[in-house]
Amino acid sequence: MTKTIIFLRIMIEYENLQRVNKPYFKEFNEVFNQVLESGWFVLGHNVEEFEKEFAGYLDVKYCAGVASGLDALTISLMILDLPANSEIIVPSNTYIATILSILLSGHKPVLVEPVISTYNINPELIESAITSKTKVIMVVHLYGKSCDMDPIMDICKRYSLFLVEDCAQAHGAIYKGRKAGSFGDMAAFSFYPTKNLGCLGDGGALVTNNADYLRKAKMLRNYGSEKKYYNEYQGLNSRLDEIQAAFLRIKLKHLDEIVAYKNSLAEVYLKGISSNFILPAIDPNFYNSYHIFNIRHNERDKLKQYLLDNGIKTEIHYPLAPNKQNALKFMNSFSFPLSEEIHRTTLSLPVSTFHTVDDVTEVIKILNGFKNY
Ligand SMILES: Cc1ncc(COP(=O)(O)O)c(C=O)c1O
């Protein structure tokens, strides 16, 4: 009788939200029961407490929980009550949500190229994009690395522009000692489950130091109403659920550990990955929260397939630049070569809280073998 030997290949997953949340299951179950018993499900005690705790974490005065990161961005622009078709400067390589928030609030996105090594908006290119219609710079701290805020804040000051931060990927990121989200007139966060601070569904928050903005944010998330059935503004239904706020309060206590752990995995990648790949830029002024650990390579698609064939799942953030999306046909003819180059070459490696140093070491070993493939 012949023996058949089967080799089972262990896959290294890119993400697994069951494993990410497993350490909190006991606490989640406790608060789930509390919320269930309370009979209060939308905008209650947990939302209020989370708002205080998250504002405290960021060292800003106020926070308003909303239903998603996209809503937080859209509401921030609604609050400013700008003339229709105002120009909003935004990086050309952001996730489409940033651009959609500008369109949804009736304004014009003006795309500015990133710095190729940091993937964040290039401050040196911003001034030439400013016109008399420009009202806001909407920065995006992409992949978990803060933008270079000093020159950007200087431009905002000199041109009297509002600054809104898209922090959907930057929970726990720090620039020169200050948390991402504490620089702008307002900042928007997403708590989508894959984020470093993710809930078990959709959620978001708008943070600010301005009490008037906070008041308006709280109205706009609730049909433009402060007093039940009396509506001051044409608002949205964008309220944060009690259960999500309760989950977020548990995870917020661990956010710094989560980010530190991801940094320790990133450190292993940075030391081990060969010079055949372009790695994230390192600078002591920036504490990267590594929502995503990306590398770049000319033969990205071939590399992705090679890693998969060797048991490693990866993702692409993002395969198609915003200006090439069908949803944004009016900008399909525009050219943003750096952004398009990033979209063509970027690859995100596994860097989740359930990954071990052994997983990362295995990824590095296989990755570095790509040249011989
Ligand atoms: C940069 C950026 N902005 C905004 C958003 C929108 O957040 P949400 O999905 O919670 O609406 C995302 C979502 O991933 C994002 O990556």
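The values are calculated or read from the model by the stated rules, or taken from the named source; none is laboratory data. Keep in mind that what you see is a predicted model, and the values were worked out from it rather than measured. All Cβ positions, even for glycine, are placed from backbone atoms using ideal geometry, and neighbour counts span all protein chains on display. SASA here: full protein model, heavy atoms, side chains in, ligands and nucleic acids out. Shrake-Rupley method; radii C 1.70, N 1.55, O 1.52, S 1.80 Å.
Descriptive notes on the structure:
- Chymotrypsin sites (Phe, Trp or Tyr not before Pro) lying in DSSP loop within region 189-270, provided at most 10 other Cβ fall within 10 Å: Y229
- When the convex hull of its Cα atoms is viewed from all sides, the chain shows a mean projected area of 22.3 nm².
- Using a probe radius of 1.4 angstrom, the carbon and sulfur fraction of the accessible surface of region 45-144 is 53%.
- Heavy atoms of R296 accessible to a 1.4 Å probe, total area in Å² rounded to 10: 20
- Summed side-chain charge close to Y318 - residues other than Y318 whose Cβ falls under 15 Å, Lys, Arg +1, Asp, Glu -1: 0
- Counted charge near E27, where neighbours are those whose Cβ lies closer than 11 Å (Asp, Glu -1; Lys, Arg +1): +3
- Centre separation in Å (Cα based) which lies between region 117-189 and region 275-294: 18
- Efficiency of FRET between I96 and E13 - r from beta-carbon atoms, R0 22 angstrom, step 0.05: 0.30
- Residue among T345, L279, G184 farthest towards the positive dipole end of the chain, charges placed on Cβ: T345
- On the beta carbon distance between A129 and D256, with R0 = 41 Å, the FRET formula returns roughly 0.70.
- FRET efficiency estimate (nearest 0.05) - Cβ-Cβ, E37 to D283, R0 45 angstrom: 0.40
- Pair S160, N210: separation of 7 Å Cα→Cβ label points (nm): 1.4
- Net length available on complete extension from S274 to N326 is 15.1 nm, with 0.36 nm assigned per residue and the Cα-Cα distance removed.
- Region 39-123: GluC sites (Glu not before Pro) in DSSP coil with no more than 14 other Cβ atoms inside 10 Å: none
- In this structure K195 has an accessible area near 30 Å², from a 1.4 Å probe over the protein heavy atoms.
- Its alpha carbons considered, region 92-179 gives a radius of gyration followed by a Dmax of 12.4, 35 Å.
- In sequence order, calculated HN-Hα J values of region 161-178 (Karplus, 6.51, -1.76, 1.60; Hz; x Gly/Pro): 9, 6, 10, 10, 9, 8, 9, 4, 10, 10, 5, x, 6, 10, 10, 6, x, 10
- Calculated translational diffusion coefficient of region 178-265 (4 °C, 1.567 mPa s; Stokes-Einstein with Kirkwood radius over alpha-carbon pairs) equals 89 µm²/s.
- Put a plus charge on the Cβ of each Lys and Arg, a minus charge on the Cβ of each Asp and Glu, and nothing anywhere else: the dipole of the chain about its Cα centre is then about 480 debye.
- For the chain, the solvent-accessible area with a 1.4 angstrom probe is 46 square angstrom per residue.
- Surface composition of region 186-294: carbon plus sulfur atoms contribute 49% of the solvent-accessible area (1.4 Å probe, protein chains only, all chains present).
- Per-residue 3J(HN,Hα) values for region 106-115, derived from phi via the Karplus relation 6.51 cos²θ - 1.76 cosθ + 1.60 with θ = phi - 60°, read x, 10, 10, x, 10, 8, 10, 5, x, 7 Hz in sequence order (x marks Gly and Pro).
- Cα gyration tensor, region 241-352 - rounded (a/c under 1.5), prolate or oblate: oblate
- Additional length obtainable on full extension of the chain from E27 to Y318, 0.36 nm per residue less Cα span: 101.3 nm
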